[in-house]
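Notes follow once the structure below has been shown.
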Amino acid sequence: MSAGAPIGVLFVCLGNICRSPTAAGVFAARVAAAGLGPRFRIDSAGTGDWHLGKPPDPRTRRAARARGYDLETLRARRVEPADFHRFDYILAMDGANLRDLERLRPANFPGRLDLFLRAAGSPAEPEVPDPYGGDAGHFEQVLDLIERGAEHLLATLRARHGI
């Protein structure tokens, strides 16, 4: 990361329609509320290609909207090699996605590749479960975890980068 450049944070899940767009939307809202929008570049992606170009799952959008988050403009995309040059933090929602990212990571990646919740300081509960096969309660649980994680991640990055 070069001095003065935005801090790049990429959230990654499997299909990029539930967890990672939620994390990107929640984290972006936290960053904006702190008046730090220009200091960050935030995005989400998936390790799979099943939903490319599609908006987040309707249940994801509904749960997020109920809490004041707008995910309507987000579209699913797949992690690409250039992401390892554009982002300083690539944060996976679970261990399977982290393993997939580790296989894609170039040897010269200078950033941090980790689990989102672990990077946010939650080692006891490091994974965000996939709500895709669940009911509305599962999407609410994911939002609860992501909201707490986003708050802690922002505090961690502010301290680490002196902002």
Listed residue (GLY46, ALA24, PRO110) projecting farthest to the positive dipole end of segment 1-116, Cβ model: ALA24
What share of all Cα pairs of segment 68-163, in percent, falls into each consecutive 10 Å distance bin? 14, 40, 39, 7, 0
To the nearest 10 square angstrom, what accessible area does ARG78 show with a 1.4 Å probe? 110
What's the magnitude of the charge dipole for segment 41-163 around its Cα centre, counting Lys and Arg as +1 and Asp and Glu as -1 at the beta-carbon? Answer in Debye, nearest 20. 380
Counting Lys and Arg as +1 and Asp and Glu as -1, what is the net charge of the other residues whose Cβ lies under 13 Å from the Cβ of LEU101? -1
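How much area per residue is accessible in the chain when the probe is 1.4 Å and only protein heavy atoms are counted (Å²)?
On the way: 7710 Å² over 163 residues.
Spelled out: the 1.4 Å probe surface of the chain, per residue, equals 47 Å².
Ranked by accessible surface with a 1.4 Å probe, highest first, in what order do THR47, THR156 come? Write out the running numbers ahead of the final one.
Values: THR47 20, THR156 45 Å².
In descending accessible area the options line up as THR156, THR47.
Tell me, what are the semi-axes, in whole angstrom and largest first, of the equivalent ellipsoid of segment 1-68 as set by the roots of 5 times the Cα gyration tensor eigenvalues? If you can, show how the numbers build up before the last one.
On the way: eigenvalues 107, 54, 9 Å².
Three semi-axes, in Å: 23, 16, 7.
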Under the 7 Å Cα-to-Cβ spin-label approximation, ARG75 and LEU104 lie apart by a distance in nanometres of 1.8
Chain lengthening between ARG158 and ASP144 when straightened (0.36 nm per residue, less Cα-Cα): 2.9 nm
Would you compute, from DSSP H runs of 4+ residues alone, the mean residue ellipticity of the chain at 222 nm, taking -39500 (n - 2.57) per run and dividing by the full residue count, rounded to the nearest 500? -12500 deg cm²/dmol
Can you give the FRET efficiency to the nearest 0.05 for HIS85 and ALA33, using r as the Cβ-Cβ distance and R₀ = 25 Å? 0.30
Farthest toward positive dipole pole in the chain [+1 Lys/Arg, -1 Asp/Glu at C-beta], among ALA119, LEU157, GLY134: LEU157
Of all C-alpha pairs within segment 1-127, those more than 23 angstrom apart amount in percent to 28
Using a 1.4 Å probe on the protein heavy atoms only, what accessible surface does ARG61 show? Give it in Å² to the nearest 10. 50
Would you mind computing, in nm to one decimal, how far apart the modelled labels at LEU52 and GLU151 are, each placed 7 Å from Cα along Cα→Cβ? 3.9
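The values are calculated or read from the model by the stated rules, or taken from the named source; none is laboratory data. If you're wondering where the values come from, they're calculated on a predicted model, not measured in any experiment. All Cβ positions, glycine included, derive from the backbone under ideal geometry; neighbour counts span all protein chains shown. The protein model used for the area step is the full one, side chains on, heavy atoms only, and it has no ligands, DNA or RNA in it. Shrake-Rupley method; radii C 1.70, N 1.55, O 1.52, S 1.80 Å.
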